[in-house]
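Presented below is the structure to which this report refers.
Read-outs: derived from the displayed coordinates by stated rules, not from any lab. Note that the structure is predicted; figures quoted are calculated from it, not measured. FYI the Cβ positions are ideal-geometry reconstructions off the backbone, even for glycines, and counts take in every protein chain you see.
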Amino acid sequence: MRCYVKGSRAERELIDYFSTKGFCVIRAAGSGVNSLSPDILIFRRGMQFGIEAKAWEKENLNIDREQFLNLKKWEDISGITCLVGWRRNREPWYMVPLAVFKENPKSFAINWENAKGLGKTLEEMQ
């Protein structure tokens, strides 16, 4: 239950941030329960993104293979770019494109340094 609460808090943090920056924001139904779509959709004239929110303290972020492939499929079908938003305590959010994750037998992964170097901060998303 603790992970679900932490995850929904992270999603609400992103929803509040993008809402105050002039984006239309939708939280996906079933977010946190299934892995069929991104957690959050954000739209502003000429910009549209699906965001999978992850609040994870470890040095490496591993996304279950099935969930990652569902995000990639969703991106391919919808034409909306999917990003993984990753935040660690007392660190900024980084919005990381799916293409930079490394494939493993059971998951797709990225480490914190690569996420910082290859992802965008929230301010850069505007």
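Tyr94: net charge of surrounding residues, Cβ under 12 Å, Lys/Arg +1, Asp/Glu -1, itself excluded?
Surrounding charge for Tyr94 is +1.
If you add up the charges near Asn104, with Lys and Arg at +1 and Asp and Glu at -1, over every other residue whose beta carbon is less than 11 angstrom from its beta carbon, what do you get? So the surrounding residues net to +1.
At R0 = 30 Å, how high is the FRET efficiency between Arg12 and Lys106 if r is their beta carbon distance? Nearest 0.05 is fine.
Efficiency for this residue pair is about 0.55.
When only Cα pairs below 8 angstrom with a gap of at least 6 residues are kept, the range 2-125 shows a relative contact order of 20 percent. Checking [x] 13.4, 40; [y] 16.3, 49; [z] 14.7, 46 against Rg and Dmax of the Cα atoms in Å calculated from these atoms, the matching label is [x]. Summing +1 for each Lys or Arg and -1 for each Asp or Glu, what net charge is found among the other residues whose Cβ lies under 13 Å from the Cβ of Leu69? For residues surrounding Leu69, the net value is -2. One decimal place: the segment Ile80-Lys21 gains 19.3 nm when fully extended, by the rule 0.36 nm per residue minus the C-alpha distance.
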